[in-house]
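Presented below is the structure to which this report refers.
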Amino acid sequence: MRALAGTDPERFIADFFTSFNRELLDTDDDPAAIVDRYHTPDIVQVADGHRMDRDTLIAHTRPVRKNRPEGRVDVHDAIADGDRIAARYTLHVRRRGKELRIEVCFFGRFADDGRMRAAHMLTRTVPADRGEPA
């Protein structure tokens, strides 16, 4: 895990989500161990009003592993200030033959070692055949 300090915030957030998902989908490692490598024990994520702590996040990995989606992250904007990152990115996901594009506004805090401490995300699913966001 790479620390945020001194790192380009666009590259940091893209690498964070890409490597987390790669480990989750491409290894047989225990999901709790993967979550712990990328998140602090007191992690709280709020996505579209739904709160997830560590245990909920681990439980959330089960359907992800079962469905085995393919995807990539395109970061459009990201700024960092100390341990905080604000980013706007698009998740391109292919799951069970269906293509999804999910636009995300992300506000997060990271520990010195690069693990996520907290995050708030607002998402919007966009039909895959629409043009790229501005």
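Quick note: the coordinates plus some simple rules give every number you see, no bench work behind them. Since the structure is predicted, the reported quantities are computational estimates derived from the model, not experimental observations. Cβ atoms come from the backbone with ideal geometry, glycine included; neighbour counts cover every protein chain shown.
Could you tell me which trypsin sites (Lys or Arg not before Pro) in segment 51-134 are loop residues by DSSP with no more than 13 other beta carbons within 10 angstrom of their beta carbon? Show your work: numbers first, answer last.
Working: sites: 51, 54, 65, 66, 72, 84, 88, 94, 95, 96, 98, 101, 109, 115, 117, 124, 130; in loops: 96, 115, 130.
Answer in residue order: 96, 130.
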> With the contact rule set at Cα under 8 Å and sequence spacing of 6 or more, what percent relative contact order holds for segment 23-82?
Replying inline: 30 percent
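Would you tally the net charge around residue 65, using a Cβ to Cβ cut-off of less than 15 Å, leaving residue 65 out, and scoring K and R as +1, D and E as -1?
0
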> Along the principal axes of its C-alpha atoms, what lengths does the chain span, in descending order and rounded to whole Å?
Replying inline: 39, 35, 26
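Could you work out the local net charge near residue 123, counting Lys and Arg as +1, Asp and Glu as -1, over the other residues with Cβ closer than 13 Å to its Cβ?
Details: positive: 88, 101, 124; negative: 48, 103.
The answer is +1.
Out of the DSSP beta bridges found with both residues in segment 9-126, what percent are antiparallel (nearest 5)? Provide the component values of the computation, followed by the final result.
Working: 36 of 41 bridges.
Beta bridges within segment 9-126, antiparallel portion: roughly 90 percent.
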>> Could you work out the relative contact order of segment 9-126? I mean the mean sequence separation of Cα pairs under 8 Å and 6+ apart, divided by the number of residues, in percent.
In response: 25 percent
> Which distance in nm do the two modelled labels at residue 65 and residue 83 give, with both placed 7 Å along the Cα-to-Cβ direction?
Replying inline: 2.9 nm
